[in-house]
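Asker: Got a structure for you, written out below as structure tokens; questions coming shortly.
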Amino acid sequence: MRFARITACFFLLLLAFPLHAQTKKITVLGTLTRVMAIGAETSGWSIELNPVLTIDGHQLSSLEVKSSDPKKLEKLENQTVKATGKLTYTTGVETGQRPILNLSSIKLVKEKSTKEK
């Protein structure tokens, strides 16, 4: 009887935490922007991806980002950046399940200027 209870609890935990909740490290390019959501279900930052990224069969034109250094993000706002981090998933009441990039590094990408001769 005890084994059955433990087994049932184990399977309930598996249902509560999806298997694809595992993290994977990725690098993306795009423009860092501020975002807002109903109920404050956001980190407040997003990267408008260039090029578009496909994750779990869904094409994303933007990806929410989370950082331990918000002042650095403020300095890079509305600029083209290269960001690296672990892709995780979170669930919100209004937004449902969504991917978030937990940043390990973010840096400004200097665009090449073309000079006419």
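The values are calculated or read from the model by the stated rules, or taken from the named source; none is laboratory data. Bear in mind the structure is a predicted one, so any value in this text is a computation, not a measurement. Note that each Cβ is placed from the backbone with ideal geometry, even for glycine, and that neighbours are counted across all protein chains shown.
Asker: Determine, yes or no, whether T80 is hydroxyl-bearing (S, T, Y) and touching a Gly at 6+ places or on another chain (Cβ under 8 Å).
Answerer: So T80 passes the test.
Asker: Taking the condition of being among the β-branched types (V, I, T), under 18 Å from R98 (Cα atoms) and modelled with pLDDT of 90 or more, how many residues in region 55-83 meet it?
Answerer: Going through region 55-83 one residue at a time, the tally reaches 1.
Asker: I need a count of the residues in region 71-96 that are part of a strand (DSSP E or B) and in contact (Cβ under 8 Å) with a residue 12 or more places away in the chain.
Answerer: Total satisfying the criteria: 11.
Asker: Additional query: Can you find, within region 92-101, the residue that is modelled with the highest pLDDT among those that are among the β-branched types (V, I, T) and surrounded by 11 or more Cβ atoms within 10 Å (Cβ to Cβ)?
Answerer: Ranking the qualifying residues of region 92-101, first place goes to I100.
Asker: With respect to V28, is the statement that it is closer than 24 Å to E111 by Cα, in contact with a helix residue (DSSP H, G or I) (Cβ under 9 Å, 6 or more places away or on another chain) and modelled with pLDDT of 90 or more true?
Answerer: Taking the combined requirement at face value, the residue does not satisfy it.
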